[in-house]
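Remarks on the structure that follows.
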Amino acid sequence: MKTCGIDNCSKPVKARDLCSMHHQRLMRHGDPHTVMPRRTKKMVDCSWTNCTSQAVSKGFCVKHYYINRVLQKNC
Ligand SMILES: [Zn+2]
Ligand SMILES: [Zn+2]
């Protein structure tokens, strides 16, 4: 019996030399090797204007969180 053409996959072929799972991935992503993206922690950009760093606290990156705190203290 033929098995899936993907390395380390020994499931029976369903179509185009691929098992049903890998064939579905080929149909869905155009590439049978594509693995569904894992749920990662939500990435948020810094809310500072023109800053694309990753926000770590209160919507600001490390640098701008610090600056924002200093600015608020002075107000
Ligand atoms: Zn497979
Ligand atoms: Zn920033």
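The values are calculated or read from the model by the stated rules, or taken from the named source; none is laboratory data. Please read these numbers as outputs of a predicted model, since none were measured by experiment. Neighbour counts are summed over all protein chains in view; Cβ atoms, including those assigned to glycine, are modelled from backbone coordinates with ideal geometry.
Observations
- Within the stretch 10-55, tally of residues that are among the hydrophobic types (A, V, I, L, M, F, W, C) and modelled with pLDDT under 90: 4
- Matching entry among 61, 75 (being at pLDDT 90 or above and either in the same structural domain as residue 14 (by TED's automatic domain parsing) or away from ligand 1 (no atom under 16 Å from the Cβ) (or both)): 61
- Among the numbered conditions (1) assigned to a loop (DSSP other than H, G, I, E, B); (2) within 16 Å of ligand 2 (Cβ to nearest atom); (3) not acidic (Asp, Glu), the only one that residue 33 does not meet is (2).
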